[in-house]
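Okay, structure first, notes after.
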Amino acid sequence: MRKKIVAGNWKMNTLLKDGMELAKAVEKLEKEKRSDALVIIAPPYTHLSRVNDLIDSVKLSAQNCASEESGAYTGEVSPDMLVSAGVEYVIIGHSERRSYYGEDNELLNKKTKLALSKGLKPIFCCGEVLEEREGGALFDVIREQLNVGLADLTKEDISRVVIAYEPVWAIGTGVVATPDQAQEMHKFIRDLLVDLFDKKVAENMTILYGGSCKPSNASELFANPDVDGGLIGGAALKAEDFLAIVNSY
């Protein structure tokens, strides 16, 4: 059985004091949850080690990592540094990293392999922009992102990866993919994983939906057979909303 996961990406939000309070609230509510979904939070780098001391049932993720082990890379944070702060998961290839910072599929593949080699579990993001969807290129875009981004991974490697499908046109816009649109793409991704690896890998892969998921629409999205949870943005900044999404299962 593949894991159900709800992961909260805080992005560049909360100062340390507020982030610690939010983490404590999520941890408290997680212990009262009604679902068996795994709960993950991804605070800013500055919060990681402090937040790690405050959580137990909730798992800790970073929002990004460097593509190099160490060296003269000012401003970068290596996978080893993340592990030393108690991090278990790391988001790689979020659409904001792709669009704002020019991270391409080859670089993301390098980050993924390095993160795996250090014991981290990547949450690998893929998704199309509105023009690509309207132009009919949506499946080609996702195929390229996964073909290159997951290149040269072994079956053991891929068993530690979570995929997050982000319709970029739905992130922070209030527009949400319909349940049918989400299911269509999640099934496409699972079928692609059969081609890239095998049927067992595909069946065991957790594929999350990310894009304006909130308490009011989560249960409908999660009811799809190939949607295994969510990568949550804005709604993750309020503990009650975030746990309401978790309880949508």
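The set of residues in segment 146-179 that are modelled with pLDDT of 90 or more and of a type in the set (Ser, Thr, Tyr) comprises THR154, SER159, TYR165, THR178. Of all residues in segment 128-165, those that are within 21 Å of VAL201 (Cα to Cα) and of a type in the set (Asp, Glu) total 4.
Condition test on LEU130, is it among the hydrophobic types (A, V, I, L, M, F, W, C) and more than 17 Å from the chain's Cα centre (by Cα)?
Working: among the hydrophobic types (A, V, I, L, M, F, W, C): yes; more than 17 Å from the chain's Cα centre (by Cα): yes.
For LEU130, the condition - among the hydrophobic types (A, V, I, L, M, F, W, C) and more than 17 Å from the chain's Cα centre (by Cα) - is met.
Considering only segment 2-27, state which residues are free of Cβ contacts under 8 Å to residues at least 60 places away in the same chain, in contact with a helix residue (DSSP H, G or I) (Cβ under 8 Å, 6 or more places away or on another chain) and surrounded by fewer than 18 Cβ atoms within 10 Å (Cβ to Cβ).
First, pick out the residues of segment 2-27 that are free of Cβ contacts under 8 Å to residues at least 60 places away in the same chain: 12, 15-21, 23-24, 27.
The next check asks that each one be in contact with a helix residue (DSSP H, G or I) (Cβ under 8 Å, 6 or more places away or on another chain); those that pass are 16, 19-20, 23.
Correct list: LEU16, MET20.
For segment 57-69, check the following and say yes or no: at least one residue is over 15 Å from the mean Cα position of the chain (by Cα), acidic (Asp, Glu), closer than 17 Å to LYS24 by Cα and part of a loop (DSSP other than H, G, I, E, B). Scanning segment 57-69 turns up no residue that is over 15 Å from the mean Cα position of the chain (by Cα), acidic (Asp, Glu), closer than 17 Å to LYS24 by Cα and part of a loop (DSSP other than H, G, I, E, B). Screening ILE123 against (1) within 22 Å of SER212 (Cβ to Cβ); (2) in a helix (DSSP H, G or I) leaves a single unmet condition, (2). For segment 218-234, a residue qualifies if it is aliphatic (A, V, I, L, M) and either touching a residue at least 60 places away in the same chain (Cβ under 8 Å) or surrounded by fewer than 19 Cβ atoms within 10 Å (Cβ to Cβ) (or both), and the qualifying residues are ALA223, LEU231, ILE232. Here segment 160-175 is the region considered, the condition is being touching a Phe, Trp or Tyr at 6+ places or on another chain (Cβ under 9 Å) and part of a loop (DSSP other than H, G, I, E, B), and the residue that is farthest from ALA137 (Cα to Cα) is VAL161. Taking into account only those residues within segment 198-217 that are hydrophobic (A, V, I, L, M, F, W, C) and modelled with pLDDT of 95 or more, which is surrounded by the most Cβ atoms within 10 Å (Cβ to Cβ)? For segment 198-217, the residue satisfying everything is LEU208.
The values are calculated or read from the model by the stated rules, or taken from the named source; none is laboratory data. What you are looking at is a predicted structure, and each value in this text was computed from that prediction instead of being measured. Reconstructed Cβ throughout: ideal geometry from the backbone, glycine too, with neighbour counts over all protein chains shown.
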